[in-house]
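These notes are about the structure you will find just below.
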Amino acid sequence: MKRLTLVMLCLLLGATTASAADGFRLLDRAAAQRLVDPAAYRSPTIVALWSTDCVHCKKNLRLLAELAAAGHDLKLVTVAVQPYSDDLAEPLLRLAVPGERYAYGHDAPEALAFALDPKWRGELPRTLLFDGRGHRIAISGVLDRDAVVRALGR
């Protein structure tokens, strides 16, 4: 029994390490709610919801990477609205997208989507803009650079 427990623990640690190797954390409902709480942010923050099969998501990720690189002093968080897989980091690395990375964990996708934004109906890309002063704006679709900068109070 002890041997089986040890084997299971090693497998569990191995799976966690695999998902952590490229910086992704698995998202559950509680973490999703914390992630989108405007009170949690004291500086401009963008939470970008995306998936690997969404063409417009990559356009937004490119723009957000450019804004972050331009020194707009903003925090960028990406949430892949799909389960973790080994190839999930590739688009973020290719586009040089900085910041925290999440992927859907073991909770039901619908529950995670609702925890992230109760008004969201699943359209992608979805971007949540936090100005760092308690305000949040949600945008679906391709982002406009000027609109993002204005929403963040920059």
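The numbers here are math on the coordinates, done by the rules we state, and not lab data. Because the structure is predicted, anything quoted here is derived from the model rather than measured. We place every Cβ from the backbone using ideal geometry, glycine too, and count neighbours over all the protein chains shown.
A search for C-beta distances below 8 Å between a residue of segment 26-40 that is of a type in the set (Asp, Glu) and any residue that is assigned to a helix (DSSP H, G or I), counting only pairs 6+ apart in sequence or on different chains, returns 28/112. Just one of the listed residues (143, 128) is crowded, with 20+ Cβ neighbours inside 10 Å, in a loop (DSSP other than H, G, I, E, B) and touching a residue at least 40 places away in the same chain (Cβ under 8 Å), namely 143.
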